[in-house]
Amino acid sequence: MSVELQLLGKAIKRAQYRHHRQLDLRLAPLGTTLVQWDALRAIERQPGASAHDLAVATFQSDQAFGTLANRLLAQQLIERRSGQGRRIEHRLTPAGKALLEAAHPLADEMLADSFAGLTEQECATLLALLLRVGEPDPD
């Protein structure tokens, strides 16, 4: 392969880092962070999910997600309920839903700015390629 794979990996990481910094800056006036927004988004997509499932969805360890969930609970953005067995289920509160409604347009605007130099077809190709690279290894 003639492409330097370490350079490719670094370019992906640089774009991700830039996105994270920009999202944190844009979300700060709402009193939230990228990590908190991502957790709320995961809970919105999977209401009633366990902490483990949400940790996987947000690329965190179970312990890190538990700490984050405690902060979101203290801010009254989520609620926890007992589920089946020892399972604790997570749901958004009205305040959590309102925060997401305010945050989504900010994230969409930042991402639109970031990808403005690409055509719609290039964005579609990039998405398809990254999804293919990100697929788990077959067992």
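The values are calculated or read from the model by the stated rules, or taken from the named source; none is laboratory data. Just so it is clear, the structure is predicted and the values come from calculations on it, not from any experiment. In this analysis, Cβ positions are derived from the backbone assuming ideal geometry, glycine residues included, and neighbour counts consider all displayed protein chains.
Candidates are the residues of the range 80-118 that are in contact with a helix residue (DSSP H, G or I) (Cβ under 7 Å, 6 or more places away or on another chain) and assigned to a strand (DSSP E or B); the one that is farthest from Ala28 (Cα to Cα) is Ile88. Scanning the range 1-58 for residues that are surrounded by 12 or more Cβ atoms within 10 Å (Cβ to Cβ), outside any helix (DSSP H, G or I) and touching a helix residue (DSSP H, G or I) at 6+ places or on another chain (Cβ under 9 Å) gives Thr32, Thr33, Gln46, Ala49, Thr58. In this structure, Glu101 does not satisfy being charged (D, E, K, R), over 27 Å from His52 (Cα atoms) and at pLDDT 95 or above.
Taking Ile78 as the residue in question, decide whether it is modelled with pLDDT of 95 or more, farther than 24 Å from His19 by Cα and buried (at least 17 other Cβ atoms within 10 Å of the Cβ). Here the answer is yes, as Ile78 does meet what is asked.
Keeping to the range 83-139, report how many residues are of a type in the set (Asp, Glu) and surrounded by 13 or more Cβ atoms within 10 Å (Cβ to Cβ). Talk me through it step by step, then tell me what you get.
Of the residues in the range 83-139, the ones of a type in the set (Asp, Glu) are 89, 101, 108-109, 113, 120, 122, 135, 137, 139.
Now restrict to residues that are surrounded by 13 or more Cβ atoms within 10 Å (Cβ to Cβ): 89.
Residues flagged as of a type in the set (Asp, Glu) and surrounded by 13 or more Cβ atoms within 10 Å (Cβ to Cβ) within the range 83-139 amount to 1.
For the range 13-26, the candidate set comprises residues that are out of contact with any Ser or Thr (no Cβ under 8 Å at 6 or more places or on another chain) and in contact (Cβ under 8 Å) with a residue 60 or more places away in the chain; within that set, the residue that is farthest from Leu127 (Cα to Cα) is Arg26. Selection of the range 29-64 for residues being over 12 Å from the mean Cα position of the chain (by Cα) and not polar (S, T, N, Q) yields Pro29, Leu30, Gly31, Pro47, Gly48, Ala49, Ala51, His52, Asp53, Asp62, Ala64.
Would you confirm whether or not the range 64-72 contains a residue that is more than 22 Å from Gly134 (Cβ to Cβ), of a type in the set (D, E, K, R), in a loop (DSSP other than H, G, I, E, B) and touching a residue at least 12 places away in the same chain (Cβ under 8 Å)? No: the range 64-72 contains no residue that is more than 22 Å from Gly134 (Cβ to Cβ), of a type in the set (D, E, K, R), in a loop (DSSP other than H, G, I, E, B) and touching a residue at least 12 places away in the same chain (Cβ under 8 Å).
Conditions tested, residue by residue: (1) modelled with pLDDT under 95; (2) in contact with a Phe, Trp or Tyr (Cβ under 6 Å, 6 or more places away or on another chain); (3) not acidic (Asp, Glu).
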position	(1), (2), (3)
Leu5	yes, no, yes
Asp24	no, no, no
Glu44	no, no, no
Leu54	no, yes, yes
Ala64	no, no, yes
Arg86	yes, no, yes
Thr93	no, no, yes
Phe115	no, no, yes
